[in-house]
Amino acid sequence: MLLKDNPILMQLKQKSIDEKKSRGEYVEEDTAKVKVRSENKEHREHRIRQNIQKVKISADANSTMEQGVVKANDRGFGFLESESRESFFIPPKEMKNLMHGDKISGYVVYQGEKSRVERITLIEPFLSRFVARVAYVNGKLTVVPDHPCINFNINAVNHVPDGVTLREGDWVIAVLTKHALSEGNRNGHMAEVIEFIVHANDEQTPWWVVLRGLDLPKSAPEDLPSYEYKDESLPRVDLTDKPFVTIDSAKTQDMDDALYIESLQNGGWCLWVAIADPTGYIHEDDELDSYAARRAFSIYLPGRDIPMLTRTLSDDLCSLRENEERFALVGKFNISADGSCDQKIDFMMATIKSHGKLVYDEVSDLLEGKETSFSPSPVIREQIDMLRDFSRVRYNYRKTNACVFKDKPEYEFVLNENGGLKEIKVVHKRVANGIVEEAMILANTCAGRFLAEHFNAGIFNTHSGLDHEKIADVNEVLEENGYPIDDIEQIETMTGYCKLKRWLYDSESAYLDARIHKCTAFAEMSPVPGPHFGMGLDYYATWTSPIRKYGDMINHRLIKSAITNTEKPRIPSDEVIESMNLSKKSNRAAERQVKDWLYMDYLKPHINKTVFEAEVMDVSRGGIKAMLLDNGARVFVPTSMICNDKKRIEGNNSLGVVILDGEKKVIRLGQKVQVRIVEINESRAIIGELIPRIS
């Protein structure tokens, strides 16, 4: 039977021809066969433009253009979280070319009450430089990003220097070279491995992966063959006869501050603060200064530290070691019997000698009347007693006239020989820690005033108080809780903010304190003088840790130039200041991430067994975050683990509460709750359940 004699086949043929025509293909028929050929280029492009315009006109009638960020779901679909804070469904087919965190635009097509995102355009990929693990698929190299919401393989090429052979499971740094939605790309996501970090199951994995993931150094700068102290010709005072002492932990090697105190006839004190002088070894244009500027801070992680300066400088030549003479920058400050500081501030170049390497716990045991083998000489004991008296008076003065923070425990990680977590000690602030804290706050307050008066420049720690965009929320909270305020603008001033903080301190309300804290601005470093609302100070410029902070080195140079009448050093550019602020955040993130990694093995034996007391740190739509008070671990408790029927509860982030049945507040910020760990997943997230659950 011929084709033309079969009407059904003829219909199918015509349908095929129509479909090809709709795709812009030209169909030429012959009695022997159907020959398909492409139209000429100009005709084809014209037809395509017409079709696109028709689709656009049709789509625009039932859709809207939205921009936002992709939120992936582990079941294959996702959502576009728009800039207007709405969520739109992304089908699995579209998600195959997307990653969690991608910034995209797309048309939201509405079908009744449902909507979906189509015709997606990539604005900015989420991944650029990222940590990943090596995985081979059919013998070909791929990488899997170390991210809880990106768990698929990306084809990769190995461009690691020195030809390192990559093994299954190795940790690497990769860069995304092509996104699946990149123009002209038909091969999906592509990556390039640029750095080997560590082999799978290496004991150093937590530290090396975290450090390199944040683009932080793994070791100290390389030491020089020799060092020259270049400021020896500057005039200086010999203070080696004064019994300065250092107070640090037993293991500390980079001791950068020493204290000496004298009593005054008016009942007050004269406090001398001696600070190590690395800027005498490192001048502005030295290569070591460039290294210090890039690092900005020393990094302190559980079980190890990575200094900003070379080990020889930080732990030896600049460290204020016991019974060894050292060049130092010394501040001299007079404190009245009421704790106020005299306006006269003296700085001097000096030679000092530490007469005692004191240890926090030993000094605290002595002053707290606990049993101890520590028995200082009468001269050192007199220093310890006067420093304690000074710190008490000074703390009470700040509590009344400025701002103080409530003491919170810290958590000390004790590691075993293999680098694993042996135990976590809860460490409360003791009297010796308070001595050093009050001395450093006073010294940095005076330095801030000195730099503001002499240069109107320096590296200042600034804090603007409340976030201006959240003032209305703060006002509402305060009115609800009976805070005595006549004018809301008062709390935007230094005086009003300090008054509020003192009221919160005395109220002993963990919820109010946490709620207001969420409405405060972040502290930042600034090259121009500015107040620090959080401390209740007009100026605050640190100079007491130049071994550990590059900003303190800059302030050292400024102070030295003022007291020696030498050339004023350069003030860092805004770009350098921003880099220092980012380095500070990265260092804190590194400490938190290493701890999260160590918590995994430490807490696994407690899964579905131990019930911990925890404090609610944050509330979100999906659940609560709580800190385990025994060890400091952060646990996420999803709504399904809070209530047997999760539809009955709602987490309100702005109010900081979990609401039951639309009206009853059952959990709030700062509240103590009982939590049991139920899961620790590969992304190092600790999942818990509320004990007992709300029924």
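Think of each Lys and Arg Cβ as +1 and each Asp and Glu Cβ as -1; about the Cα centre, that makes the dipole of the chain roughly 3040 debye.
Put a plus charge on the Cβ of each Lys and Arg, a minus charge on the Cβ of each Asp and Glu, and nothing anywhere else: the dipole of segment 504-556 about its Cα centre is then about 240 debye.
Model label sites at residue 285 and residue 566, defined 7 Å from Cα along the beta-carbon direction, differ in position by 1.5 nm. Measure nothing but the geometry: give the 0 to 90° angle between the long axis through the Cα atoms of 494-507 and the longest principal axis through the Cα atoms of the chain, rounded to 10°. The angle comes out near 90 degrees.
Farthest toward the positive end of the dipole of the chain, out of 579, 624, 503, is the Cα of 624, where the dipole comes from beta carbon charges about the Cα centre.
Let me check I have the definition right: for the chain, take the eigenvalues of the Cα gyration tensor, multiply each by 5, take square roots. What are those semi-axes in whole Å, largest first?
59, 32, 26
For segment 468-521, the alpha-carbon coordinates run over 24, 20, 19 Å along the three principal axes, in decreasing order. With each label modelled as a point 7 angstrom along the Cα→C-beta vector, the residue 592-residue 693 pair spans 2.9 nm.
If we count other beta carbons within 10 Å of each Cβ, what is the order of 558, 329, fewest first?
Ascending number of Cβ neighbours within 10 Å: 558, 329.
Computed over the Cα atoms of segment 636-675, the ratio of the radius of gyration to the Kirkwood radius (Rg/Rh) comes to 0.92. When each of 123, 380 is scored by the number of other beta-carbon atoms lying within 10 Å, the sequence from fewest to most is 123, 380. Relative to the longest principal axis of the Cα atoms of the chain, helix 7-22 runs at roughly 40 degrees. Stokes-Einstein diffusion of segment 61-108 at 25 °C, 0.890 mPa s viscosity, Kirkwood radius from Cα pairs, rounded to a whole number: 231 µm²/s. Among the GluC sites (Glu not before Pro) in segment 486-581, those located in a DSSP loop and surrounded by at most 10 other Cβ atoms within 10 Å of their own Cβ are 508, 567. For segment 546-655, the residue among 633, 554, 605 whose Cα projects farthest onto the positive side of the dipole built from Cβ charges is 554. With a threshold of 32 Å on the Cα-Cα distance, the over-threshold entries among 230/344; 357/595; 429/664; 470/560 are 429/664; 470/560.
With a sphere of radius 11 Å drawn around the Cβ of residue 134, what net charge do the other residues whose Cβ falls strictly inside it have (Lys, Arg +1; Asp, Glu -1)?
0
Taking the inverse of the mean reciprocal distance over all distinct Cα pairs, the Kirkwood hydrodynamic radius of segment 202-294 comes to 17.5 Å. One decimal place: the segment residue 165-residue 311 gains 49.4 nm when fully extended, by the rule 0.36 nm per residue minus the C-alpha distance.
Sorted by average packing, counted as other Cβ atoms within 10 angstrom per residue and highest first, what order do 478-484, 318-324 take?
My ranking of the peptides, most packed first, is 318-324, 478-484.
Once divided by 2.2 N^0.38 Å, the Cα radius of gyration of segment 108-155 becomes 1.68. Between 0 and 90 degrees, the angle of helix 378-401 with respect to the longest Cα principal axis of the chain falls at about 50 degrees. Of the residues 243, 404, 695, the one whose Cα sits farthest towards the positive end of the charge dipole of the chain is 695 (charges of +1 on Lys and Arg Cβ, -1 on Asp and Glu Cβ, taken about the Cα centre).
The aspartates and glutamates within cross-link reach of residue 93, meaning a Cα-to-Cα straight distance under 17 Å and a gap of 8 or more places when in the same chain, are 74, 102, 118. Take every Cα pair under 8 Å whose residues are at least 6 apart in sequence, average their separation, divide by the length of the chain, and the relative contact order is 9 percent.
For segment 129-202, the normalised intensity computed at q = 0.17, 0.22 Å⁻¹ comes to -0.58, -0.95 (log10 of I(q)/I(0), Debye sum over alpha carbons, equal scatterers, no solvent). Going from the residue with the fewest nearby Cβ atoms within 10 Å to the one with the most, 603, 224 rank 224, 603.
Only the coordinates and a few stated rules stand behind these numbers; no lab work does. It should be emphasised that the depicted structure is a prediction, and the values quoted were computed from it without experimental measurement. For neighbour counting, all protein chains shown are included, and Cβ atoms are generated from backbone atoms with ideal geometry for every residue, glycine included.
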